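Colleague: Structure provided below as C-alpha cells; questions to follow.
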Amino acid sequence: MLSVSLLLTIMAIGLVDSINPALFVAQFYLLTTPRPAGRILSYIAGVLLVNFVGGVLILAGARALVGDVIAGMSLTAFYGLHLAAGVALLLFGLWLRVDTPGAVAVHKPRSLHPWHTFVLGMVVMLNEITSALPYFVAIERITTAQMDTGSNLLALLVYNAVFSLPLFAFLGLMLALRERFADRLERINAWINHYLPRLLKYGSIALGAGLTISSVVALLAG
C-alpha cells in the first residue's frame, strides 16, 4: 500500500524533476503559434507517455532484478540503499552546471499538426534522459517499498501528475491572460533559462541532503 511518507517523497522528487528548462522552451515555442492549446496538450501527452511508460519499464526491471534481494534485506541494508540514492541525488545537484551561457536549444516539430507536436514531446523527453536521475531515485523508493502492482502504478501516476503540473500551469496562464502572457513570453523564457537550472540544481541538493540525513539518522538509531 502507498504510504503517506512515500507519497510525499515521490511528490517532492517529482516537483524537483519537473524543473526542466528544455521542456518549457519547446512549450513556449508552441505558445507562439496560432491557436496553440491543442498542440501544447498533445506535446504534454507525448512527454508524459514517454515518462510514464519508461518508469513502468524501469520499475518492472528493477523489481525483477532486486525483488528477491529486497525481500531478505535487513533494515541496515534497506536504509543503506536509501542513503546511496540520497547521495546520488546530492552529487547530481552538485555536478549540474548552471553557469553555462546561452539559451536552451529549441526542438521544433516537422509541422504544427497535433500528431507532430505529440512526437515532439516524446523526442524532448527522450533527449532529457541524462537529467532523469530524480526519476530513478523515485523508482528506487517505490521498488524498496515492495508494494503490489496497483500501488506501484498509482505511485508512478502521482509522480507524473506532479511532474506535469508546471507544463499545465503555463498553459493555464496562457489561456487566462492571453495577450498579456504573449507580450511577456520573451521575458518569461529568459527567466526560465536563467533560474530553472538553478532551481533544479539546488532542489536536487536539498532533496538529496534530506534523503541522506534521514537515512543516516535511521542507521544510527539502529
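The values are calculated or read from the model by the stated rules, or taken from the named source; none is laboratory data. A quick note: this is a predicted structure, and the numbers were derived from the prediction, not measured. Cβ sites come from the backbone with ideal geometry, for glycine too, and all protein chains shown count toward neighbours. These area figures cover heavy atoms from the full protein model, side chains too; ligands, DNA and RNA do not enter into them. Shrake-Rupley method; radii C 1.70, N 1.55, O 1.52, S 1.80 Å.
Colleague: From Gly67, Gly86, which residue is more than 23 Å from Trp191 (Cα to Cα) and at pLDDT 70 or above?
Modeller: Values: Gly67 fails: at pLDDT 70 or above.
Unique residue meeting the criteria: Gly86.
Colleague: Could we say that Arg35 is modelled with pLDDT of 80 or more, of a type in the set (Lys, Arg) and surrounded by fewer than 18 Cβ atoms within 10 Å (Cβ to Cβ) here?
Modeller: Working: modelled with pLDDT of 80 or more: yes; of a type in the set (Lys, Arg): yes; surrounded by fewer than 18 Cβ atoms within 10 Å (Cβ to Cβ): yes.
Yes; evaluated as a whole, the condition is true for this residue.
Colleague: I want to confirm something. Restricting to segment 1-32 and keeping residues that are more than 22 Å from Gly203 (Cβ to Cβ) and part of a loop (DSSP other than H, G, I, E, B), which single residue is least open to solvent (accessible area, probe 1.4 Å)? Give the steps one after another, and end with the answer.
Modeller: We begin by selecting, within segment 1-32, every residue more than 22 Å from Gly203 (Cβ to Cβ); these are 1-3, 29-32.
Checking the rest, the ones that are also part of a loop (DSSP other than H, G, I, E, B) come to 1-3, 32.
On the way: Met1: 185, Leu2: 35, Ser3: 51, Thr32: 91 Å².
It comes out as Leu2.
Colleague: Which one of the conditions (1) closer than 26 Å to Leu31 by Cβ; (2) more than 15 Å from the chain's Cα centre (by Cα) does Asn127 fail to meet, given that it meets all the rest?
Modeller: So Asn127 meets the others, but not (2).
Colleague: Within segment 141-171, how many residues turn out to be open to solvent by 30 Å² or more (accessible area, probe 1.4 Å) and either modelled with pLDDT under 85 or over 26 Å from Arg39 (Cα atoms) (or both)?
Modeller: 9
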